[in-house]
Amino acid sequence: MLEIKALTCIKQDRCLFESLNFSLLPGQIMQVEGPNGAGKTSLLRIISGFSRPDEGNVLFNNQNVTDDYDSFAESLLFIGHKTGVNLQLNAYENIQHWLGVHSYQCDKDEIYRLLGKLGLVGLEDVPVRTLSAGQQRRVALVRLWLNQAKLWILDEPFTALDKCGVAMLQSRFQEHLDGGGSILLTTHQDLTSSFDSLQTLVLEYRH
Amino acid sequence: MQASNSYWTLFCNVYRKDVTLAFRQRAEIVNPLLFFLIVITLFPLAIGPEPALLARMAPGIIWVAALLSTMLGLDKIFRDDFMDGSLEQLIASPYPLSLAVLAKVAAHWTTAGLPMVVMAPVFALLMNLESQALSATVLTLLIGTPLLSFIGAIGAGLTVGLQKGGILMSLLVLPLYIPVLIFATSAIDTSIMSLAYSGQLAILGAMLAVAFVAAPIAISSALRVSVS
């Protein structure tokens, strides 16, 4: 499904990675590992189409993602370091806005049910800035239950989450993989559940 | 959960978010308007309250004040979305980015430009502007302020990723405002002489039409560069 061909990224005269090749098939999950500054986030941003690689191509269903970005975006769910949650709006408004931007629809009861499932009962209509870091992250992660994207690209999704949250997220990963989706994520912790299809990509810090 | 495929939904969503945020932080709407009023009241204090002189200078002063107070809110158009990652989510949406940008510019105009259009006749009286020029003032502002929002958003998009982009943005944008200023003040001057000013309005309208089509594309390219 996703194919990375000879990808090279150079930042401030430092080569982050060179001629990187890998592919990700439906039902597969790949964890990108490496020390701080190794280029994990840069790799994820290039694959998501936010930055251009210095060399190489990112192919999705055998098509270069930059050729028809809007149709690639339909199959993509990206949650980065900056989660895209507005701190002035409340959790419900944030989710409604995100759904509208991504051409999804969902009724109010379902959103409230999901917020409850993620431990945000009673916090649906307070501004997100008053929530804790982990709760803010949970507001962003509700999207994992509300999308039809095939490819999930998640940059450090477990940041600030408690153990129970991490476990819930991983069980959602398994559901997504069982449904033929694929996941590309960076994380410093090892995944606690065992995924049959787990691949690991290690990026070295290059001087 | 189902997919709803409508550009209108996207436009409304983005527009509603920005307008909601502006109304929650009311200072965002009120401050540019107060700035507009203060700049206008400074002039009689500085050059003297002679009615004939003020009336002669009124079109220029009102429009320069409008330019400057539009600049105040421009920095905010994309700043918050850039900081919290919403901009990336807009780019990674299956809809064209230029449509979301159009909605954001429309929201900026609603909260920054429209209040000025509404208050302009009152402020014009402060400047002793002749009554036959009032409609020209309102009409030029009505056509001109969306144009200011469009042009300004290009500058805001280009500088959103910079640490201190505000001043650079003013330097980029203010020269581009000059044609708008020339035709708008010329229209008001003409109306003071009781002549037809439809020519100047038509040129402003033509500029707005071009900006409506071209600016969202330019702004979305600028944002893509800023995000990468």
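Readers should treat all values here as calculations from the given coordinates under stated rules, not as data from a laboratory. The structure displayed is predicted, hence computed values, not measured ones. FYI the Cβ positions are ideal-geometry reconstructions off the backbone, even for glycines, and counts take in every protein chain you see.
Spatial offset of region A:145-207 relative to region B:191-224 amounts to 49 Å, using the alpha carbon center of each.
Taking 0.36 nm per residue of separation and subtracting the Cα-Cα distance, full extension of the segment from A:ARG129 to A:SER23 would add 34.3 nm. As an exercise, use a Förster radius of 41 Å and the Cβ-Cβ distance of A:ASN57 and B:ALA196 to find the FRET efficiency, rounded to the nearest 0.05. Working from the Cβ atoms, E equals 0.10.
Cross-link pairs exceeding 32 Å between alpha carbons, from the set A:LYS11/B:LYS164; A:LYS40/B:LYS164; A:LYS5/A:LYS117; A:LYS40/A:LYS163: A:LYS5/A:LYS117. Using θ = phi - 60° in the Karplus curve 6.51 cos²θ - 1.76 cosθ + 1.60, the 3J(HN,Hα) couplings for region B:74-87 round to 4, 4, 6, 3, 10, 4, 5, 5, 5, 5, 9, x, 5, 5 Hz; x is entered for Gly and Pro.
On the beta carbon distance between A:GLN105 and A:HIS207, with R0 = 56 Å, the FRET formula returns roughly 0.65. Taking label points 7 Å from Cα along the Cα-to-Cβ direction, B:TRP8 and A:ASP13 give a separation of 5.6 nm. Of all DSSP beta bridges confined to the protein assembly as shown, the antiparallel ones make up roughly 50%. The residue among A:SER75, A:LEU59, A:LEU191 whose Cα reaches farthest toward the positive pole of the charge dipole of chain A, with charges on the beta-carbon of Lys, Arg, Asp and Glu, is A:LEU191. The rule of thumb for compact globular proteins, 2.2 N^0.38 Å, goes into the C-alpha radius of gyration of region A:84-148 0.98 times. In terms of other Cβ atoms within 10 Å, B:TYR177, A:TYR104 run from fewest to most in the order A:TYR104, B:TYR177. Sequentially through region B:14-29, phi angles give Karplus couplings (6.51, -1.76, 1.60; θ = phi - 60°) of 5, 4, 4, 4, 5, 5, 4, 4, 5, 6, 6, 10, 4, 4, 4, 8 Hz, Gly and Pro residues having no value and appearing as x. The residues B:LEU87, B:LEU68, when put in order of fewest to most other Cβ atoms within 10 Å, stand as B:LEU68, B:LEU87. For chain A, the Kirkwood estimate of the hydrodynamic radius, built from every pair of different alpha carbons, is 17.8 Å.
Extension gain for B:LEU68-B:ALA46 works out to 6.1 nm (0.36 nm per residue, less the C-alpha to C-alpha distance). Taken along the Cα-to-beta-carbon direction at a fixed 7 Å, the label points for B:ARG56 and A:VAL166 span 7.7 nm. Result for chain A in a Gaussian network model with C-alpha springs under 10 Å: among A:LEU16, A:LEU184, A:LEU154, the largest mean-square fluctuation is at A:LEU16. For the protein assembly as shown, a simple Cβ point-charge model (Lys and Arg +1, Asp and Glu -1, everything else neutral) yields a dipole of about 600 debye relative to the Cα centre.
Cβ crowding within 10 Å ranks B:TYR95, A:TYR92 as A:TYR92, B:TYR95, fewest other Cβ atoms first. In a DSSP loop and with at most 14 other Cβ atoms within 10 Å, the GluC sites (Glu not before Pro) in region A:106-207 are A:GLU204.
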